[in-house]
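For reference, the structure is listed below as structure tokens.
The values are calculated or read from the model by the stated rules, or taken from the named source; none is laboratory data. Quick caveat, the model's predicted, so the values are computed rather than measured. Every residue, glycine among them, receives a Cβ derived from its backbone with ideal geometry; neighbour counts consider all protein chains shown.
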Amino acid sequence: MTTSSPASTETQGQIQPRTYLNFIGGEWRPSVSGVTFDDTNPAHRHEIVARFQKSTVADLDAAIRAAEAAAPAWRALPAPQRGAIILRAALLLEARQQELARDMTREMGKPVRETMGDLQTAIDFGKFVAGEGSRAEGETVPSAIPDKMCITIRQPLGVIGIITPWNFPMAIPAWKTFPALLAGNTVVLKPASDTPLSSAHLVEILDEAGLPKGVLNFVTGPGSVLGDALVTDPRIAMISLTGSTEVGRRVAELCGRDLRRVSLELGGKNAVIVMDDANLDEAVKAVAWAGFGTTGQRCTATSRVIVHEKVADAFTAKLAAAAEHLHIGDGLLNETDMGPLVNQGRVGAVHEYAEIGQAEGARLVTGGHPLSEGALSEGAYYAPTIFTDVTATMRIAQEEVFGPFISVIPVASYEEAIEVANSTIYGLSCAIFTESARTVFRAMRDINAGLIYINAGTTGAEPHLPFGGTKQSGNGHRELGRKAVEEFSETKTVFVTYPQV
Ligand code: NAD
């Protein structure tokens, strides 16, 4: 057992990647397995960014025990004091934003401009939610019965299991962990194995900000092993998971057996509708960013463009030109517009969809192949890909590809556009480009999605506004915004009787 995570070591002149430990009960500890796994750079597949513990269920058990032991003192600490620790963490993140953004680019691939944005979301939300510690309001209402009054108070839930994906390696762990802690819960955090470094940084920073021992515990390792154990542990009061719909469905089933509270933020098949009165240049710029930014690996990425047939050819030609002008490469380089996919396995998965699209009869406009020229041969690169003449029921119009892959679906009317937009199992994000106020208001009413953008792409969150999807993009919970703290607490109703005089 060690009390601090060891720094990088130098052997025979070569910098060895740092080995990170689990963080349990306020101490950095190796896994009982004695095995580590590599966190590699998707732009240079041979570069190991750091090593992490391949943990077992025994490590998880120790983390849950530590979280349980820390719970009574943490929930007793006044909420404004809990908020002060979160504010300090947000300020530390801000002070180290550049350095942490570069580390995130190295483990995940997206350009530094984007990893700075990922961190900015964590910082802004930390500052926002810290203040909620002084605003943990309940209700005070009259009773219908004489000599009584009623109040509601918010209570923490207990130990929260937080499971995060790799595509927003700091923002998502922060936007779950901060409100869970603020509400007075203790936490076991299991990050995705492609990007545990950013979560480790978050844990180090919260520790430095003064979080008491055991309040936040960090265990790395495979979701297939640790996931079931965390999700089914009777000591866990709530699971908060962001990930694929497939994993979400399994987690929901397991939680359902024990009636465990579960918050799920899952996949998307997000559409931009381009009407015939749209400003096409604005629409193309927004779709190129929303579809190819983060290499298409955002839950809110634009993966379908439902375009009025009158402007479909013009729009598609302009979008293809924009895609072909993107500078693709290592996200650490200033000129890079689009980095690699998160790992080599994803290259094969995206390419399979290019083959499916062709077999289904859609027309490939650009891309449709991995990139391996020159320096790109070292990384997991895939060309920005556009298919047109896609129909609503094709697999490339229905399934989440999670790569730089856009399906253009021509339609004849607004009504058809809405029908197509709503025709998938997902309901995360949707956008419409039109100059008509009437069409804007109809779309706000008709689109079935948790997030709707007018004359903008399908991506972007603001920390003070709720974020989440409908249908199988989640289970109805929302993250961010003022309600974020409520998600991690429960209401207790108190009936007070005045003393008889
Ligand atoms: P994933 O579902 O493969 O993994 C997510 C997390 O779940 C990881 O930490 C993983 O280790 C863990 N996990 C895997 N199997 C598990 C199991 N059986 N039980 C419990 N946990 C398990 O997703 P990913 O590939 O990391 O992320 C991409 C997915 O996340 C996409 O579908 C994307 O749309 C979605 N996503 C959604 C949002 C949102 O807010 N709606 C945001 C980001 C990403």
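Structure data summary
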| read-out | value |
| --- | --- |
| Residue among K190, K176 that alone is within 22 Å of L119 (Cα to Cα), crowded, with 24+ Cβ neighbours inside 10 Å, in contact with an Asp or Glu (Cβ under 8 Å, 6 or more places away or on another chain) and not aliphatic (A, V, I, L, M) | K176 |
| Test set (1) modelled with pLDDT of 95 or more; (2) surrounded by fewer than 24 Cβ atoms within 10 Å (Cβ to Cβ) - I153 fails condition number | (1) |
| Residue within the stretch 468-487 that is free of Cβ contacts under 8 Å to residues at least 40 places away in the same chain, touching a Leu at 6+ places or on another chain (Cβ under 9 Å) and surrounded by fewer than 17 Cβ atoms within 10 Å (Cβ to Cβ) present | yes |
| Total residues in the stretch 424-444, condition under 19 Å from V307 (Cβ atoms), outside any strand (DSSP E or B) and within 16 Å of the ligand (Cβ to nearest atom) | 1 |
| Exclusive hit being farther than 19 Å from T105 by Cα, within 16 Å of the ligand (Cβ to nearest atom) and β-branched (V, I, T), set V342, V350, V365 | V350 |
| Selected residue [at pLDDT below 95 and in contact with a helix residue (DSSP H, G or I) (Cβ under 9 Å, 6 or more places away or on another chain)] from S5, S55 | S5 |
| Condition broken by E309, with the remaining ones in (1) surrounded by 15 or more Cβ atoms within 10 Å (Cβ to Cβ); (2) charged (D, E, K, R); (3) touching a strand residue (DSSP E or B) at 6+ places or on another chain (Cβ under 8 Å) satisfied | (1) |
| Residue, surrounded by the fewest Cβ atoms within 10 Å (Cβ to Cβ), within the stretch 379-414, restricted to residues that are part of a loop (DSSP other than H, G, I, E, B) and within 16 Å of the ligand (Cβ to nearest atom) | E399 |
| Single unsatisfied condition, A323 versus (1) part of a loop (DSSP other than H, G, I, E, B); (2) away from the ligand (no atom under 11 Å from the Cβ); (3) in contact with a Phe, Trp or Tyr (Cβ under 7 Å, 6 or more places away or on another chain) | (1) |
| Residue match in the stretch 270-286 (condition: modelled with pLDDT of 95 or more, within 7 Å of the ligand (Cβ to nearest atom), part of a helix (DSSP H, G or I) and buried (at least 24 other Cβ atoms within 10 Å of the Cβ)) | no |
| Residue, farthest from the ligand (Cβ to nearest atom), within the stretch 113-148, restricted to residues that are among the polar types (S, T, N, Q) and not in a strand (DSSP E or B) | S143 |
| Any hit, the stretch 421-431, residues being over 30 Å from L181 (Cβ atoms), of a type in the set (V, I, T) and modelled with pLDDT of 95 or more | yes |
| Residue within the stretch 445-465 that is among the basic types (K, R), more than 15 Å from the ligand (Cβ to nearest atom) and either outside any loop (DSSP other than H, G, I, E, B) or crowded, with 23+ Cβ neighbours inside 10 Å (or both) present | yes |
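Residue-wise test of (1) under 16 Å from Q155 (Cα atoms); (2) crowded, with 16+ Cβ neighbours inside 10 Å; (3) touching a residue at least 40 places away in the same chain (Cβ under 8 Å).
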site: A58; (1), (2), (3): no, no, no
site: A63; (1), (2), (3): no, yes, yes
site: A67; (1), (2), (3): no, yes, yes
site: P72; (1), (2), (3): yes, no, no
site: R75; (1), (2), (3): yes, yes, yes
site: R82; (1), (2), (3): yes, yes, yes
site: A89; (1), (2), (3): no, yes, yes
site: R96; (1), (2), (3): no, no, yes
